[in-house]
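Beneath this line is the structure, given in structure tokens, with notes to follow.
The values are calculated or read from the model by the stated rules, or taken from the named source; none is laboratory data. Since we're looking at a predicted model, the values are computed, not measured. Just so you know, the surface numbers come from the protein's heavy atoms only, side chains and all, with ligands and any DNA or RNA stripped out. Shrake-Rupley method; radii C 1.70, N 1.55, O 1.52, S 1.80 Å.
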Amino acid sequence: MTARIGVVTFPGSLDDRDSQRAIRLAGAEPVALWHKDKDLKQVDAVVLCGGFSYGDYLRAGAIARFSPVMDTVIEQAKAGLPVLGICNGFQILTEAHLLPGGMLGNDHLHFICRDQKLRVENAETSWTTDYTAGQEIHIPLKNMDGRYVADQYTLDELEAEGRVAFRYLDFNPNGSLNDIAGITNAAGNVVGLMPHPEHAVESLIGTGRTDGLPFFTSILKKLVNA
């Protein structure tokens, strides 16, 4: 039976089709989910894609967090459903308190778009098992509000528990504390990051590498072997 991975579309989402394509390339079945629909259509995992949901009004992800679909995502994520938040999806996960901390505007006050070098810090989450800890990868980055912040207690807890999933290397593109590019919850089923792995799944486009594809093959293997 083919694993089914849902991709939520909010008003202002940009990368839902890209995420669906990445899922298909990994060998799973992408399932389109609409923000107003609480029904997740019995998917095995969910991706909250990048974009500017609701135009980033009020605060990035703050309005999308209250979309009807998020009630179900939050409930099922707490019960173990794998959820990946990419860029705006990461912002939504922090607003929904599925991940700690928050996102602020880039410290240089400009939108940034670049190929970004990362180090994999945690290769044991539902979305990262096809990487190895310490592996260096290149993933496209594009954001205006990508600066990860948290109080010192939360930062210390993330570091002590190995919950920093990815860290920026060579250049911190937005002023994120501790060079954090992505984090995971304690259970390892919810992961959020600012860079866009769905844009690095084919050698023809993006970085010219496929460094983002293991996100989607990792979850596929987990679901198949569950």
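What pairs in K38/K142; K41/K78; K41/K222; K117/K142; K38/K222 have C-alpha atoms more than 22 Å from each other? Walk me through the numbers on the way to the answer.
Numbers: K38/K142 29 Å; K41/K78 18 Å; K41/K222 19 Å; K117/K142 13 Å; K38/K222 25 Å.
Those over the limit are K38/K142; K38/K222.
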| said: Accessible area of the range 1-55 with a 1.4 Å probe: how many percent of it is carbon plus sulfur? | reply: 48 percent
| query | Of the beta bridges DSSP finds with both residues in the chain, what % are antiparallel, to the nearest 5? | reply | 55 percent
| Out of V191, V47, V149, any idea which swings most in a Gaussian network model of the chain, alpha carbons joined below 10 Å? | V149
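Let a ≥ b ≥ c be the square roots of the eigenvalues of the Cα gyration tensor of the range 75-153; is it rounded (a/c under 1.5), or, if not, prolate (a/b larger than b/c) or oblate?
Working: a/c = 1.81, a/b = 1.12, b/c = 1.62.
In terms of gyration-tensor shape, oblate.
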| How much of the accessible area of the range 125-226, probe 1.4 Å, is carbon plus sulfur, in whole percent? | 51 percent
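Before rounding to the nearest 500, sum -39500 (n - 2.57) across all DSSP H runs of length at least 4 in the chain and divide by the residue total; then give [θ] at 222 nm in deg cm²/dmol. Mind dumping the intermediate values first?
Numbers: 5 runs with 52 residues, N = 226.
My calculation for the chain gives -7000 deg cm²/dmol from helical runs alone.
Using Cα pairs under 8 angstrom and six or more residues apart, how large is the relative contact order of the range 96-215, in percent? List each step's numbers first, then the result.
Numbers: 267 pairs, mean separation 36.1, N = 120.
The normalised contact order for the range 96-215 reaches 30 percent.
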| field | Most mobile listed residue (S203, S67, S19) in the chain, GNM with C-alpha springs under 10 Å | value | S203
| Accessible surface, the chain, averaged per residue in Å² (probe 1.4 Å) | 42 Å²
| query | Mind checking which of P68, P82, P214 has the largest fluctuation in a GNM of the chain, springs on alpha carbons under 10 Å? | reply | P68
| query | Seen from all sides and averaged, what is the projected area of the convex hull of the Cα atoms in the range 5-101, in nm²? | reply | 5.4 nm²
| message | Please give the Cα centre distance for the range 105-168 versus the range 209-226, rounded to the nearest Å. | response | 18 Å
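Taking a ≥ b ≥ c as the square roots of the Cα gyration tensor eigenvalues, with a/c under 1.5 meaning rounded and otherwise prolate when a/b beats b/c, else oblate, which class fits the range 114-216? Don't jump to the answer; show the numbers that get you there.
Details: a/c = 2.07, a/b = 1.33, b/c = 1.55.
In terms of gyration-tensor shape, oblate.
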| remark: Note on the chain: the mean projected area of its alpha-carbon convex hull, in nm², is 10.9 nm²
